[in-house]
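The structure that follows is given in the form of structure tokens.
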Amino acid sequence: MFARLFFAAPFAFAVTASAATVVETVLVGNAGNAADATGIGSVSELYRIGTYEVTNAQYSEFLNAVDPAGANSLNLYNPSMGSDPVGGITLNPAAPAGARFELKSDKGNKPVNYVSFIDTMRFANWLQNGQGASNTEDGAYTVISGGLAGRNPGATVFIPSQNEWYKAAYFDPANPAADDNGTPDYWLFPTQSDSVPTRATADAAGDVTNPGSNVANYFAEVENVTTVGGTSSVSFFGTFDQAGNVREWNEAVIFGTNRQIRGGGFLSQTNRLQSTGPDSEMPEFEAADLGFRIAMVPEPSAAVAAILAGGLSLAGRRRQRALV
């Protein structure tokens with residue numbers, strides 16, 4: 001079951017601030033599941049997580065809504081998004097207010113990159129608070145210097161915790177490779193596989209040319225992001241690109257003030273895609289191969305979001321999956 005989170009008319013990938021940003025999610029079931037041998041992956045409640053990584057189109061809508069003049073006072077926009085060919089958003093001061101953050105050609109459906117963990121906190125606050133010119137500094141998180149704030153009580157849209165991210169990526173209640181008498185197990189890769197994924201290839205537009213059930217955009221020969229969901233490889237619950245494309249922030253605080261990063265990206269080698277391969281960075285860190293996805297409670301209040309169940313499409317590629 002897939003759902004779309006939206007706050008007005010459901011115009012996916014609209015560029016202007018007047019249109020609502022659409023975030024498609026999947027339900028992560030099996031509440032109260034056991035953790036794996038490392039103690040990671042147990043989540044006591046149902047939750048939803050982004051089917052895809054947050055895209056340039058979605059992030060540009062956020063930028064145009066909260067910073068219509070393009071002043072960038074909160075440093076939500078990294079100029080490398082425009083100058084680096086791998087980035088997907090440019091800042092055009094001559095454009096009308098509310099439309100100054102523009103998408104590069106063929107980059108709207110690619111994952112946003114060059115975002116810090118603090119940027120992701122503000123994006124989650126904006127979604128929870130109703131989009132438009134809503135508050136970015138409080139909501140799911142109270143943004144403080146250094147990005148150390150935890151998730152606030154009552155948060156409904158947020159960045160996944162380590163357990164939430166890990167379960168959505170690796171958990172499988174019927175893994176045939178289970179060696180523990182058939183009890184729930186975890187895959188090594190987020191593609192429902194214990195085998196190393198095939199490396200994705202892509203055309204000039206960044207569309208994957210060798211999609212399959214165990215394909216990921218990593219250790220790329222041509223170093224670039226690819227269209228979200230373009231590999232056709234999904235986790236058990238139906239998420240795409242938790243292996244490869246861009247590395248993804250989660251909430252875990254480790255090594256002092258660092259936030260954890262999982263999943264590997266287009267620059268990563270095999271070990272970073274694995275369940276055993278997290279890394280971390282300071283919450284202010286930004287990079288060409290670093291992005292994020294959102295998570296949410298199953299039924300936010302009507303004032304926050306509307307959830308529509310059913311099979312919905314993104315660029316013609318959608319798959320309904322049975323959830324346990």
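Whole-Hz ³J(HN,Hα) for each residue in region 207-224, computed from phi via Karplus 6.51 cos²θ - 1.76 cosθ + 1.60 with θ = phi - 60°, x for glycine and proline: what do you get?
Computed from phi, the couplings for region 207-224 are 8, 5, 9, 10, x, x, 7, 9, 10, 8, 8, 8, 6, 5, 5, 9, 6, 6 Hz.
Mind putting a number on the dipole of region 97-239 about its Cα centre? Charges go on the C-beta only, +1 for Lys and Arg and -1 for Asp and Glu, and I need it in Debye to the nearest 20. Could you put the intermediate results ahead of the total?
On the way: 8 positive and 15 negative charges, 100 e Å.
Charge dipole, region 97-239, about its Cα centre: 480 debye, nearest 20.
Moving to a separate point now. Loop only by DSSP, 16 or fewer other Cβ within 10 Å of the Cβ. Give me the trypsin sites (Lys or Arg not before Pro) in region 120-219 that pass, ordered by residue number.
Values: sites: R122, R151, K167, R199; in loops: R151.
Those satisfying the criteria are R151.
Using θ = phi - 60° and the Karplus relation 6.51 cos²θ - 1.76 cosθ + 1.60, list the HN-Hα couplings for region 33-49 in order, rounded to whole Hz, with x at every Gly or Pro.
Per residue, the Karplus-derived 3J(HN,Hα) values read 4, 6, 6, 7, 5, 7, x, 10, x, 7, 10, 7, 10, 5, 7, 10, 9 Hz.
Could you pull out every one of the aspartates and glutamates with an alpha carbon less than 13 Å from that of K110, ignoring same-chain neighbours closer than 8 positions?
Within the straight-line cut-off, K110 pairs with E53, D207, D241, D289.
Rounded, prolate or oblate: pick one for region 104-147, where a ≥ b ≥ c are the square roots of the eigenvalues of its C-alpha gyration tensor, a/c under 1.5 means rounded, and failing that, prolate if a/b is larger than b/c, else oblate.
Working: a/c = 3.31, a/b = 1.57, b/c = 2.10.
Oblate is the answer for region 104-147, as a/c is 1.5 or above yet b/c matches or exceeds a/b.
With charges set only on the Cβ (+1 for Lys and Arg, -1 for Asp and Glu), what does the dipole of region 16-116 come to about its Cα centre, in debye to the nearest 20?
Numbers: 5 positive and 9 negative charges, 38 e Å.
Computed about the Cα centre, the dipole is about 180 debye.
Further question on the same structure: Only counting other Cβ atoms within 10 Å, I'd like L74, L127 sorted with the fewest neighbours first. Working shown, then result.
Working: L74 15, L127 28.
Going from sparsest to densest Cβ surroundings: L74, L127.
Report the net charge of residues surrounding Y77, where surrounding means a beta-carbon distance below 11 angstrom and charges are Lys +1, Arg +1, Asp -1, Glu -1. It would help to have the intermediate numbers written out before the result.
Working: positive: R100; negative: D67, D119, E286.
Around Y77, the surrounding residues sum to -2.
While we're looking at this one, here's another question. Cα centroid distance between region 218-267 and region 58-107, in Å?
Between the Cα centre of region 218-267 and that of region 58-107, the gap is 22 Å.
If N is the number of residues in region 80-136, what value comes out of its Cα radius of gyration divided by 2.2 N^0.38 Å? Kindly include the intermediate steps, with their values, before the conclusion.
Numbers: Rg = 12.6 Å, N = 57, 2.2 N^0.38 = 10.2 Å.
For region 80-136, the normalised Cα radius of gyration comes out at 1.23.
Can you give me the long-range amide H partners of E251? Hydrogens built in the peptide plane at 1.01 Å from N, cutoff under 5 Å, separation of 5 or more residues or another chain.
Under 5 Å from the amide H of E251 lie the amide H atoms of S161, Q162, each far enough along the sequence or on another chain.
Using a simple spin-label model with points 7 Å from Cα along the Cα→Cβ vector, what separation in nm is obtained for T209 and S73?
4.8
Could you give me the ³J(HN,Hα) list for region 61-71, computed from phi with Karplus coefficients 6.51, -1.76, 1.60 and θ = phi - 60°, whole Hz, x at Gly and Pro?
The phi angles translate into 4, 4, 4, 5, 6, 8, 9, x, 7, x, 6 Hz.
Mind listing which chymotrypsin sites (Phe, Trp or Tyr not before Pro) in region 223-256 are in a DSSP loop and have 13 or fewer other Cβ atoms within 10 Å?
Details: sites: F236, F237, F240, W249, F255; in loops: F236, F237, F255.
When the chymotrypsin sites (Phe, Trp or Tyr not before Pro) of region 223-256 are filtered for loop state and at most 13 Cβ neighbours within 10 Å, F255 remain.
May I pose another question? Quick check on region 92-231: what does the Kirkwood estimate of hydrodynamic radius come out to from the alpha carbon pairs, in Å? Numbers along the way, then the final one.
Numbers: mean 1/r = 0.0544 Å⁻¹.
Every distinct Cα pair counted, the radius reaches 18.4 Å.
Let me ask something additional. Which Cα, out of S134, V222, G146, lies furthest along the positive dipole direction of region 100-236 (beta carbon charges, K/R +1, D/E -1)?
S134
Values quoted throughout were computed directly from the atomic coordinates according to the rules given, and no laboratory measurement underlies them. Quick caveat, the model's predicted, so the values are computed rather than measured. We place every Cβ from the backbone using ideal geometry, glycine too, and count neighbours over all the protein chains shown.
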